[in-house]
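Asker: Here it is, the structure, as structure tokens.
The values are calculated or read from the model by the stated rules, or taken from the named source; none is laboratory data. For clarity, every value in this text was computed on a predicted model and none was experimentally measured. All Cβ positions, glycine included, derive from the backbone under ideal geometry; neighbour counts span all protein chains shown.
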Amino acid sequence: MNLELTYQSRIAEYLHIAPEQVSLYWKGRVALYTVLKAMGVGPGDEVILPAFICVVVPNAILYLGAIPIYVDINPDTLCCDAAQIERALSPKTKVILIQNMLGLSVEVSEIITLAKAHGIYTIEDCTHGFGGKHQGVFNGLRSDASFFSSQWNKPFSTGIGGMLVVNNRDLLQPVNQLNSHLIKPSAKDQFILFILIWARTYLLKGFTYWTFLRMYRWLSKKGVVVGSSSASELEGIHMPKDYVKGMSMVQCRTGIHALNKLPNILETRKNIANDIHEWLCNHEKTAVPTEHVSHHAFLKYPLLVKDRELFLNRAEKEKIPLGDWFISPLHPVLDSLEPWGLDVSNFPNAVYISKHIVNLPLDLPVHRLINFLELYKNEII
């Protein structure tokens with residue numbers, strides 16, 4: 001069995017599904033693009049999605065000529081609810097996209113029931129939380145399809161990478177047909193990715209984090225290294241020429257090893273999240289709903305602060321690799337969101353959260369995180 005089939009089977013075994021339900025890609029956004037196309041999404045169709053999301057998600061919709069229809073988020077869950085989505089439905093609605101922001105589980109049953117009543121497909125964006133569960137069921141297994149990311153900073157990482165899980169059997173044939181035309185990663189792609197995986201594993205430490213991160217983001221925008229997003233994806237609706245790319249052997253090999261460590265990583269993150277949650281509640285600060293703490297594996301723990309730039313500077317001073325997701329309703333775009341059809345005046349919750357959110361890492365000793373929170377607790381909302 002080759003590495004790709006082995007990796008595919010291991011993922012399926014972890015999620016308790018059939019291997020043929022799993023497809024592998026260079027990035028998670030390719031999984032989304034592929035399943036949207038398999039669902040027949042095209043010009044004039046509407047796809048409902050949260051107004052607080054990574055820009056690569058509406059990009060995949062727009063590349064197909066479809067129209068993203070944004071819905072404001074619930075500030076407690078950072079996700080949309082069924083009532084908001086129902087108000088956005090129209091005869092052109094083809095797909096509803098549900099997101100697990102920062103790994104927070106979503107109660108999807110009501111949304112899926114709504115979608116089925118109108119003959120609409122559902123997709124779960126699980127890019128922030130592979131391996132998480134809601135009410136005992138793995139996230140991503142209730143909808144027609146779901147896509148995952150195994151990029152940098154994820155609990156389960158292959159450097160960059162993505163997966164698609166198809167639960168609606170009617171979609172398997174069109175997905176497989178599209179997969180047969182995927183671009184194969186070049187030897188150069190794989191070599192650069194291998195070097196980056198090594199560098200992040202052995203060189204990215206607390207005291208080098210901020211310098212390395214700034215350099216990496218700058219080089220990736222210039223196309224010098226393999227980055228999360230190219231400049232063309234952040235500056236407008238320009239589909240990169242090598243966008244529809246399959247997964248490499250470097251990613252498969254890395255993923256097989258990473259999957260072995262995942263259960264322990266998820267348990268550690270959940271325990272740290274529990275401690276942070278308890279501290280926030282004891283100090284009457286904004287905390288995520290309790291159900292998310294006990295039922296999901298966090299990517300990071302969301303924190304609302306009065307002045308984000310000041311708080312990020314505090315974190316750099318204290319050697320805490322604080323995350324800045326999401327700095328915009330369409331992260332990480334800070335300029336006009338008009339090319340993506342998003343008018344920020346219609347989404348006050350998304351705008352407020354994007355101005356105040358930072359994210360605590362869950363791979364540091366919890367005492368360091370609690371000490372940091374204690375030190376700057378007056379700056380936390």
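Here is a yes/no grid of residues against (1) surrounded by fewer than 22 Cβ atoms within 10 Å (Cβ to Cβ); (2) farther than 24 Å from P240 by Cα:
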position: L15; (1), (2): yes, yes
position: E20; (1), (2): yes, yes
position: Y25; (1), (2): no, no
position: L32; (1), (2): no, no
position: M39; (1), (2): no, no
position: D45; (1), (2): yes, no
position: L64; (1), (2): yes, no
position: A83; (1), (2): yes, yes
position: S90; (1), (2): yes, yes
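Asker: Continuing with this model, one more query. Which condition from (1) over 20 Å from S150 (Cβ atoms); (2) crowded, with 17+ Cβ neighbours inside 10 Å is the one that P348 breaks?
Answerer: (2)
Asker: Is one or more of the residues making up segment 52-64 more than 16 Å from the chain's Cα centre (by Cα), farther than 21 Å from M239 by Cβ and touching a residue at least 12 places away in the same chain (Cβ under 8 Å)?
Answerer: no
Asker: Please name all residue pairs, on different chains or six or more residues apart, with Cβ atoms under 9 Å, provided the first residue is in segment 4-17 and is in a helix (DSSP H, G or I) and the second residue is loosely packed, with under 15 Cβ neighbours inside 10 Å and among the small types (G, A, S).
Answerer: A12/A18
Asker: Oh, and also: With the requirement that a residue be within 22 Å of T254 (Cα to Cα), of a type in the set (A, V, I, L, M, F, W, C) and either part of a loop (DSSP other than H, G, I, E, B) or at pLDDT below 95 (or both), what does segment 130-162 give you?
Answerer: F130, W152, F156, I160
Asker: Moving to a separate point now. In the set L337, L360, which member is modelled with pLDDT of 95 or more and surrounded by 20 or more Cβ atoms within 10 Å (Cβ to Cβ)?
Answerer: From the options L337, L360, the qualifying one is L360.
Asker: Considering only segment 250-259, I want to know if a residue exists there that is of a type in the set (D, E, K, R), more than 21 Å from the chain's Cα centre (by Cα) and outside the structural domain of K355 (by TED's automatic domain parsing).
Answerer: Yes, because at least one residue in segment 250-259 is of a type in the set (D, E, K, R), more than 21 Å from the chain's Cα centre (by Cα) and outside the structural domain of K355 (by TED's automatic domain parsing).
Asker: In segment 119-140, which residues are touching a strand residue (DSSP E or B) at 6+ places or on another chain (Cβ under 7 Å) and either of a type in the set (A, V, I, L, M, F, W, C) or over 19 Å from S150 (Cβ atoms) (or both)?
Answerer: The answer is I120, Y121, T122, I123, C126, F130.
Asker: Assess whether S180 counts as being within 21 Å of L102 (Cα to Cα), free of Cβ contacts under 8 Å to residues at least 24 places away in the same chain and either among the hydroxyl-bearing types (S, T, Y) or touching a helix residue (DSSP H, G or I) at 6+ places or on another chain (Cβ under 8 Å) (or both).
Answerer: Against the criterion (within 21 Å of L102 (Cα to Cα), free of Cβ contacts under 8 Å to residues at least 24 places away in the same chain and either among the hydroxyl-bearing types (S, T, Y) or touching a helix residue (DSSP H, G or I) at 6+ places or on another chain (Cβ under 8 Å) (or both)), S180 does not qualify.
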